[in-house]
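Quick notes on the structure that follows.
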Amino acid sequence: MKKGKISLSTKIFIGLILGLITGIIFNFIPQGFIRDELLINGVFYLVGQAFLKAIMMLVVPLVFISLVNGAASMGDIKKLGRIGVKTVLFYLATTAIAISIALSLSTVFKPGVGLNLSNSSLSEVTIKEAIPLVEVILDMIPNNPIASMANGNMLQIIVFAMLIGVGLSTLGEKTKMITNLFQQLNDLIMKIVDFVMIIAPIGVFGLIARTFATQGFDAMIPLIKYMSLVLISLLIHATIVYGGLLKLFTRLSPIRFFKKFFPAISVAFSTSSSSATLPVSMEIAEENLGISKDVASFTLPLGATINMDGTAIMQGVATVFIAQIYGVDLTLSSFLTVILTATLASIGTAGVPGVGMIMLSMVLQSVGLPVEGIALIMGIDRILDMARTSVNITGDAVCTMIVAKAEGEFNEEIFNSETIKNKSL
Ligand code: ASP
C-alpha cells in the first residue's frame, strides 16, 4: 500500500458506514418515487446485487478448485487426515462453546420474560421444515457431481473435490498435468476475485443502505432484549473465545488479526453469506494473514460450509427466548440436546442468508418447543444474520490460523507486516 492511497479495506469500511447512515436516514424520508423506485430499489439494489452476484458467481468454481488443490498438495493422505480431523474437531468444539455462551447468558438475562405470544397471528407464517440429520449425512454423497455444482450443494462439492484431490496426490507424476492445471485455475479464479473486489466498497454501500432503509425499526422494539443478547453473545464469542484461542495456541496478536481480517468481516456483514465471503477470506488468509495456500484452501471452504458459531449463538438465544415466551421450563437435558442439535445443525446450514432461521426449527423441535415461535423473531432476523455471518467466517479464519501455525504452514512475517504483498487490501 502506497502512502496517500486509500486501501481497499478502508474504502470498504467507508462504504459500510455510509450505507448504514444512508439507510437509517432513509427511514425518516417520506416514501416516494425518488426514495423508493430510484434509489432504494434502483441504484442501491443495482450496485448491491451486482457485487453480490459477481462474488456468488465465483463460489462454486472456487470451492471446487481450491479444495482439489488443497487436498492434492497435502502430499500425503496422513497429513490431510490429520489436518482434517483437527479442523473438524476445532469447528465442532467452538460451535458447542458458542451455543453454551448463548444459553447461559439468555438463562441469566431472560429475554423472553414479560412477552406474551397469545396476541400474535403466528399461524399465518409457514416455516420450512428442517432436514433430518441422517438425510444431511446421506446427502453429502453426490448422485451426480455436475448436478451438485449446478445446484451449488457445497457439502457434495466438498466430498467430490476431496476425492479428486486425494486421487491426484496418490497418482503423483502420472497426473502432473491435471494437478498443474488445477493450480493455474486457482490463480485464475483468484485474479477474478481481485477484479470483483474493485467494486466491493460500492457494493457494500448498496447492500447495507437498502437493508437498513427497508428494514423499518418499529417491529424491533419489543425484541430489543433478544437482539441485544444475541449481539452481546456474538461479541463475547468473537473477542474472548476467538481472541483467547488465538493467543493461547499461536501467541499472535488478536488485534492485528482482526485488523487484517476486517475486509472479509465487512463483506460477510453486508452479504449475510459465508459462501459469498469465501473468495475474499481466502485471499486475505493468504495475502494478509500469512496462511499457506494448502491449508487455507482446505479449511476455509470447509468452515464456510460446516462451521457456524454465530448461527449457533442465535439459535441458543432464540430457543431460550421462545421457551420463555411460551412459559416452558428448559431442563438440563434440554440444554444438552440444544447444544448437540445446534452444533450438528451448523454442519447442515448452508452459508447463505437466512438459513440459520430455518435450521432453528430443527433445534426447537428437538426440545419440543413450538416452531411457530420463529415467526416472532423472523422480522428482525436480517440484521442479526449480518452480525452472525461475520462471526461465522471469523471462526473459520481463527481455526485456520491455529491449524496452519501448528502444521508449520504459517508465515509470521506476512502476518506481522504492515504492508500487503502486491495488493492494496
Ligand atoms: N447467513 C449465515 C451464513 O451464511 C447462515 C445463517 O445463519 O443464516 O453464515
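The values are calculated or read from the model by the stated rules, or taken from the named source; none is laboratory data. Note that the coordinates shown come from a computational prediction; the quantities given were computed from them, not determined experimentally. Here the Cβ is made from the backbone with ideal geometry for all residues, glycine too, and neighbour counts use every protein chain on show. All accessible areas refer to the heavy atoms of the entire protein, side chains included, with ligands and DNA or RNA removed. Shrake-Rupley method; radii C 1.70, N 1.55, O 1.52, S 1.80 Å.
Numerical summary
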item: Some residue of the stretch 81-88 being without any contact (Cβ under 8 Å) to a residue 60 or more places away in the chain and open to solvent by less than 40 Å² (accessible area, probe 1.4 Å); result: yes
item: Residue check for Gly351: closer than 19 Å to Ser390 by Cβ and either in contact with a Leu (Cβ under 9 Å, 6 or more places away or on another chain) or away from the ligand (no atom under 12 Å from the Cβ) (or both); result: yes
item: Selection from the stretch 284-303 of residues that are open to solvent by 10 Å² or more (accessible area, probe 1.4 Å) and either within 13 Å of the chain's Cα centre (by Cα) or in contact (Cβ under 8 Å) with a residue 60 or more places away in the chain (or both); result: Glu287, Ser292, Lys293, Asp294, Leu302
item: Total residues in the stretch 384-421, condition outside any helix (DSSP H, G or I), among the hydrophobic types (A, V, I, L, M, F, W, C) and open to solvent by 30 Å² or more (accessible area, probe 1.4 Å); result: 1
item: Verdict on Ser100 being surrounded by fewer than 16 Cβ atoms within 10 Å (Cβ to Cβ), at pLDDT 90 or above and hydroxyl-bearing (Ser, Thr, Tyr); result: no
item: Qualifying residue in the stretch 334-341 (condition: within 20 Å of Ile158 (Cβ to Cβ), open to solvent by 40 Å² or more (accessible area, probe 1.4 Å) and touching a helix residue (DSSP H, G or I) at 6+ places or on another chain (Cβ under 8 Å)); result: no
item: Any hit, the stretch 71-82, residues being under 30 Å from Gly172 (Cβ atoms) and among the β-branched types (Val, Ile, Thr); result: yes
item: Ser390 vs. criteria more than 15 Å from the ligand (Cβ to nearest atom), out of contact with any strand residue (DSSP E or B) (no Cβ under 8 Å at 6 or more places or on another chain) and among the small types (Gly, Ala, Ser); result: no
